[in-house]
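Data first, discussion second: the structure below is written as structure tokens.
The values are calculated or read from the model by the stated rules, or taken from the named source; none is laboratory data. Keep in mind that this is a model prediction, so the values were computed, not measured. FYI the Cβ positions are ideal-geometry reconstructions off the backbone, even for glycines, and counts take in every protein chain you see.
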């Protein structure tokens, strides 16, 4: 990223925020984030069940996982069915694609068809699909654990969904902040899957990640990325991050 805030000795900082200072305080001011994924895309689709349909929606998502098994939807690189740990019966689908054609194939595929066919029965509100689109800023996807091929969860059990709203003059700083967090996440052995995302045309960003154990999740929350985010929240964000823990129901990982 020539000319960016990660070059050289971090002299090219974004206006209004000592970005490199935040990472220097953690001993992490890299020249360039390692393993940044080329720009890819995805969807984070919230699914709010009707009060008496929470269990049914969860079972439906497991059925959806079956529709993605084998060679179905090769353009859908990763797909996760999630249950939010909230008082209301809230679920979500999180998926990724390399190109727009992959996303369109999924939107017109069997899972989406079945979801909208049963929306009146299962859902309190129908999701606005265009609003669920995101751009992928960075990711860590550890190779699948041995012996989990037959496990619908692929060895993952719990996760986090974090949404943040950048101040209007700090959108670029938040974007670079999330990209720059990747080297720290790479050093977390118990964080196998991590995504930093941006909802285009908005000031909303997110972190979505998954763990094999509750201990891994707890370690991540006590780690350097969370510490840096909350330490700089007053400068970067309009309000406190919205953090929800999740249960992984099923996962497809290519």
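What to note about this one:
- Test: residue in the range 165-180 that is in contact with a strand residue (DSSP E or B) (Cβ under 7 Å, 6 or more places away or on another chain), modelled with pLDDT of 95 or more, buried (at least 22 other Cβ atoms within 10 Å of the Cβ) and not in a helix (DSSP H, G or I): no
- Qualifying residue in the range 132-149 (condition: at pLDDT 95 or above, out of contact with any strand residue (DSSP E or B) (no Cβ under 8 Å at 6 or more places or on another chain) and more than 21 Å from residue 69 (Cβ to Cβ)): no
- Restricted to the range 43-58, and to residues there that are over 20 Å from the mean Cα position of the chain (by Cα) and not in a helix (DSSP H, G or I), the residue that is nearest to residue 136 (Cα to Cα) is 49.
- Residue-level analysis places residue 153 among those that are touching a residue at least 12 places away in the same chain (Cβ under 8 Å), assigned to a loop (DSSP other than H, G, I, E, B) and out of contact with any helix residue (DSSP H, G or I) (no Cβ under 8 Å at 6 or more places or on another chain).
- Counting only residues that are surrounded by 14 or more Cβ atoms within 10 Å (Cβ to Cβ), more than 21 Å from the chain's Cα centre (by Cα) and part of a loop (DSSP other than H, G, I, E, B), the range 85-111 holds 1 of them.
- Qualifying residue in the range 141-149 (condition: under 16 Å from the mean Cα position of the chain (by Cα) and outside any loop (DSSP other than H, G, I, E, B)): yes
- Unmet criterion (only one of (1) without any contact (Cβ under 8 Å) to a residue 60 or more places away in the chain; (2) over 16 Å from the mean Cα position of the chain (by Cα); (3) under 21 Å from residue 92 (Cβ atoms); (4) not in a helix (DSSP H, G or I)) for residue 188: (3)
- Filter result for the condition that a residue is outside any loop (DSSP other than H, G, I, E, B), in contact (Cβ under 8 Å) with a residue 12 or more places away in the chain, in contact with a helix residue (DSSP H, G or I) (Cβ under 8 Å, 6 or more places away or on another chain) and surrounded by fewer than 17 Cβ atoms within 10 Å (Cβ to Cβ), over 114, 131, 138: 114
- Here the condition is being surrounded by 13 or more Cβ atoms within 10 Å (Cβ to Cβ), modelled with pLDDT of 95 or more, farther than 16 Å from residue 125 by Cα and more than 16 Å from the chain's Cα centre (by Cα); of 61, 67, it holds for 61 alone.
- Residues within the range 206-248 that are assigned to a strand (DSSP E or B), in contact with a helix residue (DSSP H, G or I) (Cβ under 8 Å, 6 or more places away or on another chain) and surrounded by 20 or more Cβ atoms within 10 Å (Cβ to Cβ), tallied: 3
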